[in-house]
Amino acid sequence: MTDVRRLIEDITPAIREFRRELHKHPEPAFEEHETAARIATRLGAIGGMEVRTDVAGTGIVATLGRDKSGPCVGLRADMDCLRMQEESSIDHASVKDGLMHACGHDGHTACLLGAAMVLAECVDDLAGPVKFIFQPAEENKGGARVMIDEGCLEDPKVDVVYGLHGTTALPLGSVGLNPGAMMAASKYFTITINGRGCHAASPHRGIDPVVIGSQIICAVQSIITRNVSPLEPALITIPKFTGSTAPNVIPEKVVLEGTLRALSNKNRKLLERRLKELVEQTAAAHGASADIEFYGGYPLLENDPGEAVYVAEIASSFLPGRKIIRNYPPSMGAEDFSFYLGEVAGAFFWLGLQPKGDPLPSLHHPQFDFNDEAIPTAIRMLCEIARRYAVR
């Protein structure tokens with residue numbers, strides 16, 4: 001097989017600059033038009049690459065080696081940014097007010113482009129086609145589901161799929177994964193409590209939804225501590241409470257908003273059922289009514305055990321053993337890569353970004369920036385996963 005180290009070394013400066021270009025010009029979910037155009041231009045310059053644009057609006061699916069007879073390997077990166085203000089002074093800081101690549105998707109995208117460039121130079125090493133899936137709208141919008149619905153896993157049919165995510169919780173150049181649950185199943189919810197408004201000086205004339213909402217916030221923790229096994233991670237968080245607009249008015253209604261998460265689909269369903277019961281019955285006990293609406297969220301991200309072992313073996317082929325964490329603790333965060341794993345086998349892994357010395361800000365921090373020193377490791381992982389798949 002081709003020694004890809006030199007190829008990766010040659011393109012790393014260009015990929016670093018491309019990554020910084022993306023960071024400087026972030027775009028949110030389903031609005032990644034400039035981002036997609038930049039990617040498509042570079043993919044179009046790669047010999048032998050078949051490029052399909054406008055998938056799920058702004059997504060791109062590029063195929064290399066379509067005519068090869070072996071299994072088709074899918075590699076995915078997310079492209080969207082977060083709606084938050086960047087507060088860093090780096091040269092490539094976001095030029096768009098209220099938009100920022102605070103989750104490292106600029107790094108994921110640049111590294112997948114790098115893998116496409118390298119694999120095109122050693123296409124003879126591939127047993128089957130490779131699909132490069134550049135996906136919009138990972139941040140709470142479920143772009144993966146739309147990409148799948150629009151055929152990103154078909155023609156040719158993807159047999160196995162892999163993805164990565166940078167993290168400052170791991171040392172630079174390391175890889176962490178789990179042969180099972182990696183990230184939580186999640187749901188968002190809105191609770192509307194309908195009481196009876198009145199003057200704050202005469203609370204006996206109304207039904208105070210603020211008091212009811214406060215009791216619900218405290219009571220929901222009993223679901224976690226008394227309905228879910230203490231050995232099984234789960235949480236319910238209600239960080240948003242919208243009530244009265246004046247300090248002397250008890251409002252007609254209040255609205256609570258939050259999220260629930262669990263490391264099993266069974267427990268996610270349990271949390272939904274018990275939360276609905278608790279909300280409705282607590283309100284009724286106070287003479288009020290309440291409705292709860294569940295929306296969004298992602299399924300449990302659960303690696304195929306065999307594919308997780310394979311990814312760990314790829315990492316061990318060129319990384320020191322201490323940089324491979326095979327049973328990395330699951331995260332209560334959620335990721336729409338779970339939709340791909342609901343369709344085909346595959347695995348998702350963490351890429352370490354944290355250098356020695358001065359620590360990097362964490363993901364979703366207003367000063368976060370993807371560590372470009374991790375680019376060669378990411379590209380090599382993606383390349384080796386794809387080209388060694390059929391010969392493992």
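The values are calculated or read from the model by the stated rules, or taken from the named source; none is laboratory data. None of these values were measured; they are calculated from a predicted model. Backbone-built Cβ (ideal geometry, glycine too); neighbour counts: all protein chains shown. Ligands, DNA and RNA are stripped out before the accessible areas are found, and what is left, the full protein with its side chains, is counted by its heavy atoms. Shrake-Rupley method; radii C 1.70, N 1.55, O 1.52, S 1.80 Å.
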Counting alpha carbon pairs within less than 8 Å and at least 6 residues apart, what relative contact order, in whole percent, applies to the chain?
24
Listed highest first by mean packing, meaning other Cβ atoms within 10 Å per residue, what order do 325-332, 271-278, 18-25 come in?
18-25, 271-278, 325-332
Could you tell me whether region 1-58 comes out rounded, prolate or oblate from its Cα gyration tensor? Rule is a ≥ b ≥ c as square roots of the eigenvalues, rounded for a/c under 1.5, then prolate if a/b exceeds b/c, otherwise oblate.
oblate
Isotropically averaged projected area of region 89-229, using the convex hull of Cα atoms (one quarter of hull area), nm²
17.0
Find the Cα radius of gyration of the chain, compare it with 2.2 N^0.38 Å by division, and give the number to two decimals.
1.10
Any chance you could check the Cα centroid distance between region 301-342 and region 180-214 for me, in angstrom?
39
accessible surface per residue for region 26-156, probe 1.4 Å, DNA/RNA/ligands not counted, whole Å² -> 35
Would you mind classifying region 150-306 by shape? Square roots of the alpha carbon gyration tensor eigenvalues, ordered a ≥ b ≥ c; an a/c under 1.5 is rounded, otherwise it is prolate if a/b is larger than b/c and oblate if not.
prolate
Highest first, please rank the peptides 340-347, 303-310 by the mean number of other Cβ atoms sitting within 10 Å of their residues.
340-347, 303-310
What percent does the relative contact order of region 281-386 come to when contacts are Cα pairs within less than 8 Å and at least six residues apart?
29
Most packed first (mean Cβ within 10 Å per residue), the peptides 47-57, 354-364, 64-74, 179-189 order as 179-189, 64-74, 47-57, 354-364
Solvent-accessible area per residue, Å², over region 236-347 with all protein chains present [probe radius 1.4 Å]:
47
Per the 1.4 Å probe, what fraction of the accessible area of region 162-276, in percent, lies on carbon and sulfur atoms?
57
Evaluated at q = 0.09, 0.16, 0.17, 0.18 Å⁻¹: base-10 log I(q)/I(0), Debye formula over Cα of region 263-392
-0.44, -0.98, -1.06, -1.13
Taking all protein chains as present, what is the carbon and sulfur share of the accessible area of region 323-392, in % to the nearest whole number, probe 1.4 Å?
49
Label-point separation in nm, E313 to H33, each point 7 Å along Cα→Cβ:
4.6
Net charge near F349: determine it from the other residues with C-beta under 14 Å of the C-beta of F349, scoring Lys and Arg +1 and Asp and Glu -1.
-2
Expected output is a single nm value to one decimal: the length gained when fully extending between S289 and E87, i.e. 0.36 nm times separation in residues minus the C-alpha distance. What is it?
68.4 nm
